[in-house]
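What follows is one structure encoded as structure tokens, with my remarks underneath.
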């Protein structure tokens, strides 16, 4: 019998690989988020927002692949959005850094896009495999 999406699991070694990749990605993002700032030019300011969006899209998408049920679908994005907000606030205590509402918005948009994209890709995989 085919499992519905909310019960679909990728093979174990792939799930573990995704989790390890997610943890490494999280460590890298947190590390660089809490480092003293380099000079930001007008051009890099816009690239910074894209980088924020793509970083959090990546984190959310990987977690959507890893999740085994739909129950966590709302919890995970909320927690990642809170992480992005917390890191932005912590930056105000680091020399040369400050918190930025546009960065918080970019992080949040990345989380939402990554969660939706990850869920859609996992759903398509479930249909293709079953």
If we keep only residues of the stretch 99-122 that are touching a residue at least 24 places away in the same chain (Cβ under 8 Å) and farther than 15 Å from residue 60 by Cβ, then the residue surrounded by the fewest Cβ atoms within 10 Å (Cβ to Cβ) is 102
Check on residue 46, at pLDDT below 85 and either within 28 Å of residue 126 (Cβ to Cβ) or assigned to a helix (DSSP H, G or I) (or both):
yes
Do we have any residue at all in the stretch 123-130 that's surrounded by 16 or more Cβ atoms within 10 Å (Cβ to Cβ) and either within 25 Å of residue 14 (Cα to Cα) or touching a helix residue (DSSP H, G or I) at 6+ places or on another chain (Cβ under 6 Å) (or both)?
yes
Name the residue, out of 14, 85, that is modelled with pLDDT of 90 or more and assigned to a helix (DSSP H, G or I).
85
Just to be sure, is residue 68 under 23 Å from residue 12 (Cβ atoms) and part of a loop (DSSP other than H, G, I, E, B)?
yes
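The values are calculated or read from the model by the stated rules, or taken from the named source; none is laboratory data. Keep in mind it's a predicted model, so treat the numbers as computed, not measured. Please note: Cβ atoms are built from the backbone with ideal geometry, for glycine as well, and neighbour counts cover all protein chains shown.
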